[in-house]
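Trainee: Take a look at the following structure, please.
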Amino acid sequence: MMEDRSNGYKSGSNLERLIRAGHFVVTAELGPPKGWQREVIERKAKLLRGVVDAVNITDNQTAIVRMSSIAAGRILVELGLEPIIQMTCRDRNRLGIQSDLLGAAALGIRNVLCLTGDHQSFGNHPTAKNVHDLDSIQLVQMVARMRDEGIFQCGEAIKGGGPPFFIGAAANPFGDPFEFRPYRLAKKVAAGADFIQTQLVFDIPRFKEYMKRVVDMGLHEKVAILAGVGPLKSTGMARYMRDRVPGMRVADEYVERMKAAVAGIPKEDKAARREAWRAEGIRICVEQIHQLREIEGVAGIHIMAIEWEEAVPVIVKEAGLYPRPTVGEAVLKT
Amino acid sequence: MIVAEQKPLEEIKELIADAERVLIVGCGTCVTVCFAGGAKEAAILGSTLRMATRLDGHGKAIDEVTVQRQCEWEYIDPLEARLDDYDLILSLGCGIGVQTLAERFPDKPVVPGLNTVFMGLPVEQGVWEERCQACGDCILGLTAGICPIARCSKQLLNGPCGGSQDGRCEVDESIPCAWQLIYERAKALGRLDKLLEIQPPKDWSKSRDGGPRRVVREDLRLTHRVAEVAGGER
Ligand code: SF4
Ligand code: SF4
């Protein structure tokens, strides 16, 4: 594994190399199936290959059981894509997390995103017991110590040295208390986060305000911040995200634009409405990427096109982010 | 205090189905204060069950008694004299009361009439909220006197998750977000600096995760004192 750390890289992952070289990076999200069909991953991977720099694999997202993020991540490695496996604190304690991370490293996975996890009451096993032995900041710190000091959380040495991970964390600039959010980000950076992926940005003025504080605190120089975007699929989805998703803000402007996109198309013509909505969703997303690129401290974009991975190549190309740059080895050593 | 709620009547009927003579034992402490298992609730449950079992065609003999505290031997010992008249105890104490009775009266079946819910307080008339999970290593000194173990749905120690909005927890709008409360209070007290330090992983071995817990105070133990008075070794 030592070769991965040559040139002073922490993990040698494609994402790390591109960030280090100062490129504006692009990541996207891939939701593993609610089943064990490898083909689902292969089909989605095909859409994303060469279009993004690394691919997030969600970990039982919204507390719904899906294929393991590490297993799905390994499939991506085999297909020549670079995974970012997501790891939540909801389902595993410190023993489970560390053992899974060692396994992930052995399978050639080099990026990990450390999350608290959505509460299980949102998912398909609401009667489950949750874990939360660690919180996401403690998780970041634990992974950083595993990597940098070669020790487990208990302080014992990891045989053969620490696993080379590029460590990510999430940030929600729109959660409350708003004034505390930049400080929480600072804690994640102090804990050892190398990159940050934000919640979907649908309120650009608010995001700018947040980023200004982040830049004033100098955090953008210590961590690569990837702003979250995602194409809206319908007026209903925009409204739902605005009104019903805790910790999410959607400016009315986007709801109105989605509504206007289908104005004049009869309700019965479902296919035409779908087309019009999706086209507008992609248009908004591309515009947002252009706006976000202009904001100081934004080092990249994270595209969350949930169950609509087909949209990702279109967005990346229309945003002028294609082809993707390469630095050093094009394919990660495994 | 310990907060409990009465079980649904149907469930209680199931629990006492095999018994002919039932003694309902209320408790005069926490569950009286939360209107779940005091003398008044025991009396109401008693007459409800007498009527219900009669209507079901199989009336049971049901009496009630309420002790001052069901979780101490000295308050429940006097019950022993009466127990021959009953084949089952329906406890309206918290889970501790039920077990204290079961431990003291090994020959008598004891069933719970309440669901013990949490340790907390009445925040207003008719509304109780959880405040402490007995984690065994109190961190209220770090969190502005508001407990994230009991009051944050994810037991976070380093600040709010991404789902906190308008002071409400992502899990349910009826739950105040503990971290919003901690932030506001720390800010008002000029103690925000405490929240900027990274809190390390918690030592859960001191909580229930370390197995059932026990507190021993040698200075208070009677056997110890007797030994000391007698000049025995410590
Ligand atoms: S920190 Fe522990 S002991 Fe203190 S109030 Fe919370 S649960 Fe109870
Ligand atoms: S919203 Fe607040 S109380 Fe709920 S889990 Fe998040 S931090 Fe905890």
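The values are calculated or read from the model by the stated rules, or taken from the named source; none is laboratory data. If you're wondering where the values come from, they're calculated on a predicted model, not measured in any experiment. Using ideal geometry, Cβ is built from the backbone for each residue, glycine included, and neighbour counts are taken over all protein chains shown. Side chains are part of the model used for accessible areas, which takes the heavy atoms of the whole protein and leaves out ligands, DNA and RNA. Shrake-Rupley method; radii C 1.70, N 1.55, O 1.52, S 1.80 Å.
Trainee: Given (1) in a loop (DSSP other than H, G, I, E, B); (2) out of contact with any strand residue (DSSP E or B) (no Cβ under 8 Å at 6 or more places or on another chain); (3) more than 16 Å from ligand 1 (Cβ to nearest atom), where does B:Y183 come up short, assuming only one miss?
Mentor: Condition not satisfied by B:Y183: (1).
Trainee: Looking only at the range B:198-213, count every residue that is open to solvent by 60 Å² or more (accessible area, probe 1.4 Å), within 16 Å of ligand 1 (Cβ to nearest atom) and not polar (S, T, N, Q) and tell me the total. Please lay out each step first, then the result.
Mentor: Our first condition is that a residue be open to solvent by 60 Å² or more (accessible area, probe 1.4 Å); within the range B:198-213, this holds for B:200, B:203, B:205-206, B:208-209, B:212-213.
Imposing the further condition that a residue be within 16 Å of ligand 1 (Cβ to nearest atom) reduces the set to B:200, B:203, B:205-206, B:208-209, B:213.
The next check asks that each one be not polar (S, T, N, Q); those that pass are B:200, B:203, B:206, B:208-209, B:213.
Qualifying residue count, the range B:198-213: 6.
Trainee: I've got another one for you. If a residue has to be closer than 15 Å to A:A191 by Cβ, assigned to a helix (DSSP H, G or I) and either within 7 Å of another protein chain (Cβ to nearest Cβ) or touching a Leu at 6+ places or on another chain (Cβ under 6 Å) (or both) to count, how many in the range A:114-155 make the cut?
Mentor: Residues meeting the conditions: 4.
Let's see how each residue does on (1) assigned to a strand (DSSP E or B); (2) in contact with a Gly (Cβ under 9 Å, 6 or more places away or on another chain); (3) within 16 Å of ligand 1 (Cβ to nearest atom):
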residue: B:L45; (1), (2), (3): no, yes, no
residue: B:E64; (1), (2), (3): yes, yes, no
residue: B:R69; (1), (2), (3): no, yes, no
residue: B:I76; (1), (2), (3): no, yes, no
residue: B:K108; (1), (2), (3): no, no, no
residue: B:E130; (1), (2), (3): yes, yes, yes
residue: B:C135; (1), (2), (3): no, no, yes
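Trainee: Restricting the search to the range A:57-82, which residues are in a helix (DSSP H, G or I) and open to solvent by 40 Å² or more (accessible area, probe 1.4 Å)?
Mentor: So the first thing to find is which residues in the range A:57-82 are in a helix (DSSP H, G or I), and the list is A:61-63, A:69-78.
A:Q61, A:T62, A:A71, A:R74, A:E78, listed by residue number.
Trainee: Quick check on my filter: what residues within the range B:120-149 are of a type in the set (D, E) and within 14 Å of ligand 2 (Cβ to nearest atom)? Before the answer, list the steps.
Mentor: Going through the range B:120-149, the residues of a type in the set (D, E) turn out to be B:124, B:129-130, B:137.
Passing the criteria: B:E129, B:E130.
Trainee: Next question, about the same structure. Could you tell me whether B:V98 is assigned by TED's automatic domain parsing to the domain that holds B:L23, in a strand (DSSP E or B) and on the phi < 0 side of the Ramachandran plot?
Mentor: Spelling it out, it is not the case that B:V98 is assigned by TED's automatic domain parsing to the domain that holds B:L23, in a strand (DSSP E or B) and on the phi < 0 side of the Ramachandran plot.
Trainee: Tell me which of these A:C89 doesn't satisfy, since it passes every other one: (1) in contact with a Gly (Cβ under 6 Å, 6 or more places away or on another chain); (2) open to solvent by 20 Å² or more (accessible area, probe 1.4 Å); (3) modelled with pLDDT of 95 or more.
Mentor: All conditions pass for A:C89, except number (2).
Trainee: If you don't mind, another one. Identify, by number, the condition in (1) within 10 Å of another protein chain (Cβ to nearest Cβ); (2) of a type outside the set (D, E); (3) open to solvent by 50 Å² or more (accessible area, probe 1.4 Å) that B:V216 doesn't meet.
Mentor: The number of the failed condition is (1).
Trainee: Any residue at all in the range B:115-128 that is within 14 Å of ligand 1 (Cβ to nearest atom), in a loop (DSSP other than H, G, I, E, B), open to solvent by less than 50 Å² (accessible area, probe 1.4 Å) and small (G, A, S)?
Mentor: No.
Trainee: Taking the residues in the range A:201-227 that are under 18 Å from A:A238 (Cβ atoms) and surrounded by fewer than 23 Cβ atoms within 10 Å (Cβ to Cβ) as candidates, determine which candidate is farthest from the chain's Cα centre (by Cα).
Mentor: Taking the candidates together, the pick is A:P205.
Trainee: Still on this structure, please answer the following. Of everything in the range A:322-332 that's modelled with pLDDT of 95 or more and open to solvent by less than 80 Å² (accessible area, probe 1.4 Å), which residue is nearest to A:R43 (Cα to Cα)?
Mentor: Of all residues in the range A:322-332, those modelled with pLDDT of 95 or more come to A:322-325.
Then drop every residue that is not open to solvent by less than 80 Å² (accessible area, probe 1.4 Å), which leaves A:324-325.
Details: A:R324: 20, A:P325: 23 Å.
For the range A:322-332, the residue satisfying everything is A:R324.
Trainee: Considering only residues that are assigned to a helix (DSSP H, G or I) and buried (at least 22 other Cβ atoms within 10 Å of the Cβ), which ones fall in the range B:33-43? Steps first, please.
Mentor: Just the residues of the range B:33-43 that are assigned to a helix (DSSP H, G or I), to begin with: B:33, B:39-43.
If the condition is that a residue be assigned to a helix (DSSP H, G or I) and buried (at least 22 other Cβ atoms within 10 Å of the Cβ), then B:E41, B:A42 are the ones that fit.
Trainee: Can you give me the number of residues within the range A:183-209 that are part of a loop (DSSP other than H, G, I, E, B) and closer than 21 Å to A:Q153 by Cα?
Mentor: From the range A:183-209, those part of a loop (DSSP other than H, G, I, E, B) are A:192-194, A:201, A:203; that's our starting set.
Pick out the ones that are also closer than 21 Å to A:Q153 by Cα and you get A:192-194.
Residues in the range A:183-209 being part of a loop (DSSP other than H, G, I, E, B) and closer than 21 Å to A:Q153 by Cα: 3 in total.
Trainee: Now for a different question. In the range B:169-194, which residues are of a type in the set (G, A, S), open to solvent by 20 Å² or more (accessible area, probe 1.4 Å) and under 27 Å from the mean Cα position of the chain (by Cα)? Reasoning before the result, please.
Mentor: The initial filter retains those residues of the range B:169-194 that are of a type in the set (G, A, S), namely B:174, B:178, B:186, B:188, B:190.
Checking which are open to solvent by 20 Å² or more (accessible area, probe 1.4 Å) leaves us with B:174, B:188, B:190.
If the condition is that a residue be of a type in the set (G, A, S), open to solvent by 20 Å² or more (accessible area, probe 1.4 Å) and under 27 Å from the mean Cα position of the chain (by Cα), then B:S174 is the only one that fits.
Trainee: Can you find, within the range B:145-168, the residue that is least open to solvent (accessible area, probe 1.4 Å) among those that are outside any loop (DSSP other than H, G, I, E, B) and away from ligand 1 (no atom under 16 Å from the Cβ)? If you could, list the steps in order and put the result at the bottom.
Mentor: Step one: list which residues in the range B:145-168 are outside any loop (DSSP other than H, G, I, E, B), which gives B:148-151, B:165, B:168.
Subset that is away from ligand 1 (no atom under 16 Å from the Cβ): B:165, B:168.
On the way: B:Q165: 42, B:R168: 92 Å².
The selected residue is B:Q165.
Trainee: Could I ask something else about it? So which of A:R74, A:R110, A:R94 is under 16 Å from the mean Cα position of the chain (by Cα), away from ligand 1 (no atom under 16 Å from the Cβ) and among the basic types (K, R)? Working first, answer last.
Mentor: Details: A:R74 fails: under 16 Å from the mean Cα position of the chain (by Cα); A:R94 fails: under 16 Å from the mean Cα position of the chain (by Cα).
Every option except A:R110 fails the conditions.
Trainee: Taking the criterion of being out of contact with any helix residue (DSSP H, G or I) (no Cβ under 7 Å at 6 or more places or on another chain), small (G, A, S) and open to solvent by 20 Å² or more (accessible area, probe 1.4 Å), would at least one residue in the range A:307-321 satisfy it?
Mentor: Among the residues of the range A:307-321, at least one is out of contact with any helix residue (DSSP H, G or I) (no Cβ under 7 Å at 6 or more places or on another chain), small (G, A, S) and open to solvent by 20 Å² or more (accessible area, probe 1.4 Å), which makes the answer yes.
Trainee: Hey, could you check the range A:164-182 for residues that are open to solvent by less than 10 Å² (accessible area, probe 1.4 Å) and assigned to a loop (DSSP other than H, G, I, E, B) and say which is farthest from the other protein chains (Cβ to nearest Cβ)?
Mentor: Per the criteria, the residue is A:P164.
Trainee: Filter the range B:186-220 down to residues that are among the polar types (S, T, N, Q) and in a loop (DSSP other than H, G, I, E, B) and give me whichever is nearest to ligand 2 (Cβ to nearest atom).
Mentor: At the first step, the residues of the range B:186-220 found to be among the polar types (S, T, N, Q) are B:199, B:205, B:207.
Among the residues that remain, those that are also in a loop (DSSP other than H, G, I, E, B) are: B:199, B:207.
Working: B:Q199: 14, B:S207: 18 Å.
Within the range B:186-220, the match that is nearest to ligand 2 (Cβ to nearest atom) is B:Q199.
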